[in-house]
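*Asks:* Handing you a structure now.
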Amino acid sequence: MDTLCSLSGLDPLWDWNQTWYTHNPELSNCFQNTVLVWAPCIYLWVLSPFYCLHLYCHGRGRLPLSSLCSAKLLLGFFLASFGFVEFFYILLERRQEIQQHLVFLLSPVIRSLTVVLAVCMIHWERVRGCRSSVFLFFFWLLGVVCSLIPLHAKVQLGLSPDIVRYLAFFSYFALQLAQLFLSCFADRAPSANLFLFFSQNACPVQDASFLSKILFWWFSGLLFKGYRSPLQAEDLWSLREEDTSEKIISDLEEEWTAECTKLHTSIALGSRLPEQAQFLRKIQKEQSSGFCLLRTLARSFGPYFLTGTLCLMVHDAFMFSVPQVLSLLLGFMKDEDAPLWKGYFYASLMFLLSCLQSIFNHQYTYTCFTVGMRVKTAVMGLVYRKSLVVNSAARRTCTVGEIVNLVSADTQKLMDFVVYFNAVWLAPIEVTLCLFFLWQHLGPSALAGIATVIFIFPLNGFIARKRSKLQEIQMKYMDGRVKLMNEILNGIKILKFYAWEKAFLEQVLGYREKELKTLKKSQILYSVSIASFNSSSFLIAFAMFGVYVLIDDKNILDAQKIFVSMALINILKTPLSQLPFAMSTTMQALVSLKRLGKFLCQDELKPDNVTRESFKSGNKCPSLSNIPLTYSVCWSRISVRVPCGSLVAVVGHVGSGKSSLLSAMLGETEKRSGAVSVKGSVAYVPQQAWIQNASLQDNILFGREKKESWYQRVLEACALLPDLDNLPAGDTTEIGEKGLNLSGGQKQRVSLARAVYRKADVYLLDDPLSAVDAHVGQHIFNKVIGPRGILRDKTRILVTHGMSFLPQADLILVLVDGEISERGSYQELLNRNGAFADFIHTFASSERKECFSEASQRGNITMVCVRAFILAEKIDMQLLWMLMSPPGNRVSLEKIKSPVWYWDVFYDINLKILSHFNHRPNFRHLKKILTYLIKLSFSGDTNSITIEPLPDSDEDHIQEDLGKLTKADKARIGRVKLEMYIEYFHTIGLPLIVSIVFLYAFQQAASLSYNYWLSLWADQPVINGTQLNTDLKLGVYGALGFAQGLQSLMAISLGCIIASRHLHLELLNNVLHSPMSFFETTPSGNLFNRFAKEIDAIDNMIPDGLKMMLGYFFKLMEVCIIVLMATPFAAVIILPMAFLYGFIQSFYVATSCQLRRLESVSRSPIYTHLNETVQGASVIRAFNEQSRFIMGVNHKVDQNQTAYFPRFVATRWLGVNLEFLGNGIVLAASILSVMAKGTLSPGMVGLAVSHSLQVTGFLSWIVRSWTDVENNIVSVERVKEYADTPKEAAWTIEGSSLPPSWPQKGTIEFHDYGLQYRKGLELALKGISVHIKEREKIGIVGRTGAGKSSLALGIFRILEAAKGQIFIDGINIAEIGLHDLRSRITIIPQDPVLFSGSLRMNLDPFDAYTDEDVWNALELAHLKNFVSELPDKLNHECSEGGENLSLGQRQLVCLARALLRKTKILVLDEATAALDLETDTLIQSTIRSQFEDCAVLTIAHRLNTIMDYTKVIVMDKGHVVEMDSPSNLIAKRGQFYYMCREAGLL
């Protein structure tokens, strides 16, 4: 190179005297014209082949030729032409002496050819869809940087005589700058990108340039929007395609399936081993499942994660470079003859390295959080999909609460693990490098630092292991608490009926206390760990400096040694402080992985449990079990064949295996032998209706397209049309979770309608008629299930306790203890005179008097007399006559036109008319009449009907929110109010807060003192090669250092645990004191969110944030004081910076806090959906709707991630901007120190600069931790939300004069009593005035929705009176405590609810009765034999919801509760609906004998159970329309008479 330069008459390539050892440094002309010109060219030519290959493999579609691309190509053309022009100019001008200008001749040619290549690259990028080129950005940047030095030289020299080349250089430089500027922008998206095309509000990162991406400027738009006005959900960007659930799960599922197959194969191979060995294999499977999950996640997300790891390694390289430059700067300060430009150079270099360090650090963190977000999506998706296929045995071990915990707490642990995992292996490397550099400065004394580190590591390793165990214990208690809360929320009505809130509150608090006790131990250990690391820099420095000065008097501690060592030690603090957290996070993640892996490897329902065959249209009909099958249900073997298109009735006692048989047909139970074959699609109606939190219409359609005519026909057949008029918004009314705002009969009919609408081939009906009134049940059987119903051509398996339906069944299966004892048609079984025939003769003699005889007498239409006044002119009589009278049986038109006329019409004809006019506004008045006619179709009372005139306004107009029931979880707007902080700190207590602040202030004052002492030590003069009084200096340094190690973190931990306990208790009390209307309108997911995620944030996130914020705030105060002590002029820079930081903080927090809220509220629907899905999994599987529900949860998870993604990007934006400003402080401190070189001592400069290097991190962490605190204080805000919701009356009233034995008689009086479910709705009970005497047995009957159950709710004050009073034994129940009332009366509710726990706890949670009393109650409830055969008897563990007992057995347990309490008033709310007739008869006799001296109110569907009651109350639309003894009511021939006729009792 020197030869080439010498030929051109240039200086040598490099000359140290010219470039370094001079006061005016400059590079040689040879270097400027060769290396600086050729370096960018070499970069482009060497890397372009690899870049082209990359573009070829990762093309994204051709980009349109935009103005930006055109400008780049045009500028490239001009740049290339400049080089060629210069080449020809030199060739022409210097042709005689061409050899002396080889360098000047070659450089333009190389440069122009390189630009031509760059232009080609621009075109290739456009073809392959690259919108922002990192590769070319660095090329143009390198070109501009390399041109700066020649530019500086040309400017200094002034105008050159060679004016052409002079102007050519400046023109070329200007065009290079323009190219660099243009490369900072991204091109337009390709039109082929359909995802962006269909995305509303697409994420701007996809349109951002490389520079915008690395500095996160693309995020600024959302911050500006959030600063101007609070963000709403619609302001957020849609997710990128690679972040969506569908994309992530589709890629991951195959990997996980393959892993599971390997795992199950290894277990299957061990199935031949002895039982003990198989158990060990199972344990091994649970242990290894977590690592399998980790391996799967690593394969899917590992490559992208590794790019972040590479950024971290580059960051570390820059981080270790800064102390080396600091060493050079301090050497410069010590050298009096060093030129000033070197100081400025070192200061600028330190600034540049710090900026690059910030950029790479935040790119790494951004990558980690992106991977964490994707891992969360992946794990949530896997857990949800698993919950849809897990078998019943595994389901019993995984409650809803535990599954919610998996997708909330455990996924969060995995996200933390992704962020901090690299610290586990990189921190030891960083520590090793720090100690290596320290060895270079202090020699063997660095070994003392190694010894200190070696001491700290085992201590923290022990703490990490201990905390991991505590974490497992804490998670177990948290699981228990959340699981119990789930059961409380699901069974809240039962808790209120029985006044059991206190008992369950104590159970929850028991779990909570154990959880907090474990958390307290963990936090104390964590505080010790952090304290050891906070003091680690002092301990290492003290050990190294002490050994260094004590081993040799000649060892001098000057500024360079001390502050470079301190800078390295400060770097050392980062890995040392991260390591315990990383180890702790890793341990917690391993626990979570094990829990997740265990759940994801649970046994699934086997596809071969049922062989499903498609139904071909050529066949006449589908069939179930087309071949004889042998199936193991419980312990029995069953073989049955169901002919296609037949109606099969399954009967048997409670617990005989009827529901299990249907489960076997659905493939829900484990098959031990035999086969099940089902031809065609299946629809399933469970015994306990599963209703979604959606509109009534959505519950029926269940994902299918609405076909109006078929939909109306289904509503009519399932007797739902009259109910639509009672609902606020008809079929668009929102139904609460588990159908809270529907009666039991309505829920069952909606469940049946869902199945009927499906038009399936096989119908499995698990006792769907038990919860409906007798006449409605008869109607549904006739119109839906029976031989003339709309399912007549379908295969139907009907589990029933109704004997009246059996004669029409094609086949009857009688189950006894899991075996088919008899089978055959109704007549065949009667002829056999077996057990079934005896049972029929005993219990169904009256029910055989069916309407079938009446039907045969009357033909196809059964007539019931109904009289009503209808004015002929109101209705088109001709049309009515045509509709009402079927051909061949027409009623004369003259008869219809008479002013008062008799209508002979059956119930279903009225329904047909109603459905016909349902959507015709011109016939609204007729619709109203017909609705009343349906209500009267079993009554002869012509005076009870009135026709109200229609209002002038359009009746069809329905308010938008009229049918809305639940309240969505809404995000508050704006920043968190100061009152919320005051509220939180008030719970901690003022004395503890004052002591915390004092400890922090004292700690930092000691830290400032020992650092200042070091600077004084560094400036100590050296006399005879030694420093004086080193022992004294070391002693003072040690004393101050140990003083700053005073523990303040523990005080925060203890204070925050106090606050956590208080806030959880307040939340629990607020929720349990809320009325039932609160639970009907609040989705359970909202409450789950509060008790799981928000409480977890209060427990863990707020304490950590407060520790971090206070710690860094006081450290920042220390740094500011030190910098101002060294260079007071720095105040001019620090003060504006402080205001700028304050602005950025407020600018950022406004958006970040709102994003936290939006993320929280979008999390609740995930838990609600998961809860709903787990409970209805069998229905979802039966209808084969898994894919739709998976799409639903995908959408909800994506909605949540839509708020989470900008939330963590906001933190990165903050970090980059703050750290760049902080680096400005480093630059200012360095420049000011260089400027004041003559007046400042090296020790003070070292102290100021080394501490200013930390300012960047401190300021960033302060704003970040403050934001974390504010974001997590939102959890306090959300927990406190329920403090302001309406509460029910006090549980107990102090000083109450209520007698202990009240009520003694059991009399009940209603005085003009009215009740409504919610404000704005009409009264459900209207003007009820009834007097019930002591020992009276009252039956309450009426159509579904008539107000029967509302009467019970009023007596128990589940709903408070809208008007009037209820008196029990002369005492107004509104004036006594709720628990005083509810604990003195008893109800057996419609829905039997059990809680997980022992059977005894379910009967007597307060342990108020002896075992003998409990056994007596069980005997009277006919459960003694069943319980005594259980291995644990009374301690038998009931699963969540009592799922390991049949519905009938659960109902008997509820009866046993009532028998145990035996109060003077007993309410039975359709309590025996799920029981067979024989058990029902036994129970009724038990009630008559055991509650003989009590007042009994029975809400009944089976009228035969109340025929011997004292009185019967007939209700209709909230009114008592009849009340008398059954015989008198029948004699009056009113509504009760016709109900009895329909039930076959007359």
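*Asks:* Which of the residues spanning the range 1430-1450 are outside any helix (DSSP H, G or I) and free of Cβ contacts under 8 Å to residues at least 40 places away in the same chain?
*Replies:* Correct list: LEU1430, PRO1431, ASP1432, HIS1436.
*Asks:* Which one is farthest from ASP316 (Cα to Cα), of the residues in the range 544-558 that are open to solvent by less than 10 Å² (accessible area, probe 1.4 Å) and either in a helix (DSSP H, G or I) or hydroxyl-bearing (Ser, Thr, Tyr) (or both)?
*Replies:* VAL549
*Asks:* Here are ARG1384, ARG1400: which of them is touching a residue at least 24 places away in the same chain (Cβ under 8 Å), in a loop (DSSP other than H, G, I, E, B) and of a type outside the set (A, V, I, L, M, F, W, C)?
*Replies:* It is ARG1384.
*Asks:* Report, by residue number, each residue of the range 1254-1281 that is touching a Ser or Thr at 6+ places or on another chain (Cβ under 7 Å) and either within 27 Å of PHE1091 (Cβ to Cβ) or at pLDDT 75 or above (or both).
*Replies:* Result: THR1267, ASN1271, VAL1274, ARG1278.
*Asks:* Further question: What number goes with the only condition from (1) in contact with a Leu (Cβ under 7 Å, 6 or more places away or on another chain); (2) modelled with pLDDT under 90 that ALA378 does not pass?
*Replies:* For ALA378, the failing item is (2).
*Asks:* Out of the residues in the range 409-430 that are β-branched (Val, Ile, Thr) and open to solvent by 10 Å² or more (accessible area, probe 1.4 Å), state the one that is farthest from MET373 (Cα to Cα).
*Replies:* Among those residues, the one meeting the criterion is ILE429.
*Asks:* Another one. Go over the candidates VAL1427, VAL1453 one by one and state the one that is touching a residue at least 24 places away in the same chain (Cβ under 8 Å), assigned to a helix (DSSP H, G or I), over 24 Å from PHE497 (Cα atoms) and not polar (S, T, N, Q).
*Replies:* Residue meeting the stated conditions: VAL1427.
*Asks:* Does the range 256-282 hold any residues that are open to solvent by less than 90 Å² (accessible area, probe 1.4 Å), at pLDDT 60 or above and more than 15 Å from LEU593 (Cβ to Cβ), and which are they?
*Replies:* Within the range 256-282, THR257, ALA258, THR261, HIS264, THR265 qualify.
*Asks:* For residues that are over 23 Å from the mean Cα position of the chain (by Cα) and over 23 Å from ILE1102 (Cα atoms), scanning just the range 1135-1178, find the one that is most open to solvent (accessible area, probe 1.4 Å). Before you say what the answer is, go through the steps one by one.
*Replies:* First pass over the range 1135-1178, keeping only residues over 23 Å from the mean Cα position of the chain (by Cα): 1135-1150.
Among the residues that remain, those that are also over 23 Å from ILE1102 (Cα atoms) are: 1135-1140, 1143.
Numbers: LEU1135: 102, PRO1136: 72, MET1137: 31, ALA1138: 57, PHE1139: 165, LEU1140: 71, PHE1143: 100 Å².
Restricting to residues being over 23 Å from the mean Cα position of the chain (by Cα) and over 23 Å from ILE1102 (Cα atoms), the top hit is PHE1139.
*Asks:* Out of curiosity, is ASP725 more than 35 Å from the chain's Cα centre (by Cα) and either open to solvent by 20 Å² or more (accessible area, probe 1.4 Å) or modelled with pLDDT of 85 or more (or both)?
*Replies:* So ASP725 passes the test.
*Asks:* I'm trying to understand the selection: among the residues of the range 1315-1331, which are within 16 Å of GLY1345 (Cα to Cα) and either open to solvent by 40 Å² or more (accessible area, probe 1.4 Å) or not in a strand (DSSP E or B) (or both)?
*Replies:* GLN1316, TYR1317, ARG1318, LEU1321, GLU1322, LEU1323, ALA1324, LYS1326
*Asks:* Looking at GLY1448, GLY1534, which is the one that is farther than 30 Å from HIS841 by Cβ, of a type in the set (Gly, Ala, Ser) and open to solvent by less than 10 Å² (accessible area, probe 1.4 Å)? Let's see the steps before the verdict.
*Replies:* Values: GLY1448 fails: farther than 30 Å from HIS841 by Cβ.
Testing whether each residue is farther than 30 Å from HIS841 by Cβ, of a type in the set (Gly, Ala, Ser) and open to solvent by less than 10 Å² (accessible area, probe 1.4 Å) leaves just GLY1534.
Residue by residue, here is whether (1) open to solvent by 70 Å² or more (accessible area, probe 1.4 Å); (2) at pLDDT 80 or above; (3) farther than 17 Å from SER1178 by Cα holds:
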position	(1), (2), (3)
PHE599	no, yes, yes
SER625	no, no, yes
LEU629	no, no, yes
GLY645	no, yes, yes
VAL651	no, yes, yes
LEU666	no, yes, no
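*Asks:* In the range 791-835, how many residues are open to solvent by 10 Å² or more (accessible area, probe 1.4 Å) and in a strand (DSSP E or B)?
*Replies:* Count: 8.
*Asks:* Can you tell me how many residues within the range 1072-1114 are outside any helix (DSSP H, G or I), buried (at least 21 other Cβ atoms within 10 Å of the Cβ) and small (Gly, Ala, Ser)?
*Replies:* Total satisfying the criteria: 0.
*Asks:* Of the conditions (1) buried (at least 22 other Cβ atoms within 10 Å of the Cβ); (2) in contact with a helix residue (DSSP H, G or I) (Cβ under 6 Å, 6 or more places away or on another chain), LYS496 clears all except one; give me its number.
*Replies:* Going through the list (1) buried (at least 22 other Cβ atoms within 10 Å of the Cβ); (2) in contact with a helix residue (DSSP H, G or I) (Cβ under 6 Å, 6 or more places away or on another chain), LYS496 breaks only (2).
*Asks:* Another question, if that's okay. Scan the range 386-394 and tell me whether some residue there is free of Cβ contacts under 8 Å to residues at least 24 places away in the same chain and either open to solvent by 20 Å² or more (accessible area, probe 1.4 Å) or out of contact with any Lys or Arg (no Cβ under 7 Å at 6 or more places or on another chain) (or both).
*Replies:* No, because not a single residue in the range 386-394 is free of Cβ contacts under 8 Å to residues at least 24 places away in the same chain and either open to solvent by 20 Å² or more (accessible area, probe 1.4 Å) or out of contact with any Lys or Arg (no Cβ under 7 Å at 6 or more places or on another chain) (or both).
*Asks:* When the residues of the range 353-382 are filtered to those that are among the aliphatic types (A, V, I, L, M) and under 15 Å from LEU1218 (Cα atoms), which remaining residue is surrounded by the fewest Cβ atoms within 10 Å (Cβ to Cβ)?
*Replies:* Looking at residues that are among the aliphatic types (A, V, I, L, M) and under 15 Å from LEU1218 (Cα atoms), I get LEU356.
*Asks:* Continuing with this model, one more query. Go through the range 1330-1369 residue by residue and tally those that are within 15 Å of PRO1389 (Cα to Cα), among the charged types (D, E, K, R) and at pLDDT 85 or above.
*Replies:* 1
*Asks:* Pairs needed: first member in the range 538-565, within 12 Å of GLN1027 (Cβ to Cβ) and charged (D, E, K, R); second member anywhere, open to solvent by 30 Å² or more (accessible area, probe 1.4 Å) and in a helix (DSSP H, G or I); C-beta distance under 8 Å; at least 6 residues apart or different chains.
*Replies:* Matching pairs, first to second residue: ASP558/LYS334; ASP558/PRO1242; LYS561/HIS441.
*Asks:* Just the residues that are closer than 22 Å to GLU1470 by Cα and part of a helix (DSSP H, G or I), please, taken from the range 717-749.
*Replies:* PRO722, ASP723, ASN726, GLU737, LYS738, GLY739, GLY744, GLY745, GLN746, LYS747, GLN748, ARG749 - these are the residues of the range 717-749 that are closer than 22 Å to GLU1470 by Cα and part of a helix (DSSP H, G or I).
*Asks:* Quick test of your reading of the structure: LYS502 fulfils all but one of (1) open to solvent by less than 40 Å² (accessible area, probe 1.4 Å); (2) over 30 Å from THR296 (Cα atoms). Name the failing condition by number.
*Replies:* (1) is the only condition that LYS502 fails.
*Asks:* Among the numbered criteria (1) part of a helix (DSSP H, G or I); (2) crowded, with 22+ Cβ neighbours inside 10 Å, which single criterion is violated by LEU1227?
*Replies:* Failing condition for LEU1227: (2).
*Asks:* Which ranges mark the helices (runs of 4 or more DSSP H) fully within the range 363-454 that have 1 or more residues being closer than 17 Å to LYS573 by Cα and touching a Gly at 6+ places or on another chain (Cβ under 7 Å)?
*Replies:* Counting at least 1 such residues, we get 411-442.
*Asks:* Here is a further query. Just one of PRO1303, PRO1286, PRO1299 is out of contact with any His (no Cβ under 8 Å at 6 or more places or on another chain), under 25 Å from GLU1080 (Cβ atoms) and not aliphatic (A, V, I, L, M); which is it? Spell out the reasoning first.
*Replies:* Numbers: PRO1303 fails: under 25 Å from GLU1080 (Cβ atoms); PRO1299 fails: under 25 Å from GLU1080 (Cβ atoms).
Within the list PRO1303, PRO1286, PRO1299, the selection yields PRO1286.
*Asks:* Going through the range 1407-1424 one residue at a time, which ones are closer than 18 Å to GLY655 by Cα and either modelled with pLDDT of 90 or more or outside any helix (DSSP H, G or I) (or both)?
*Replies:* Passing the criteria: ALA1421, HIS1422, LEU1423.
*Asks:* Evaluate the following for ASP1031: is it charged (D, E, K, R), in a helix (DSSP H, G or I) and crowded, with 18+ Cβ neighbours inside 10 Å?
*Replies:* No.
*Asks:* Which residue pairs have Cβ atoms closer than 7 Å, lie 6 or more positions apart in sequence or on different chains, and pair a first residue in the range 1234-1257 that is in a helix (DSSP H, G or I) and among the acidic types (Asp, Glu) with a second residue that is at pLDDT below 80 and open to solvent by 10 Å² or more (accessible area, probe 1.4 Å)?
*Replies:* Hits for this filter: zero, empty list.
The values are calculated or read from the model by the stated rules, or taken from the named source; none is laboratory data. From a predicted model like this one, the values you see are computed outputs, not experimental measurements. In this analysis, Cβ positions are derived from the backbone assuming ideal geometry, glycine residues included, and neighbour counts consider all displayed protein chains. Calculation scope for accessible area: heavy atoms of the full protein, side chains included, ligands and nucleic acids excluded. Shrake-Rupley method; radii C 1.70, N 1.55, O 1.52, S 1.80 Å.
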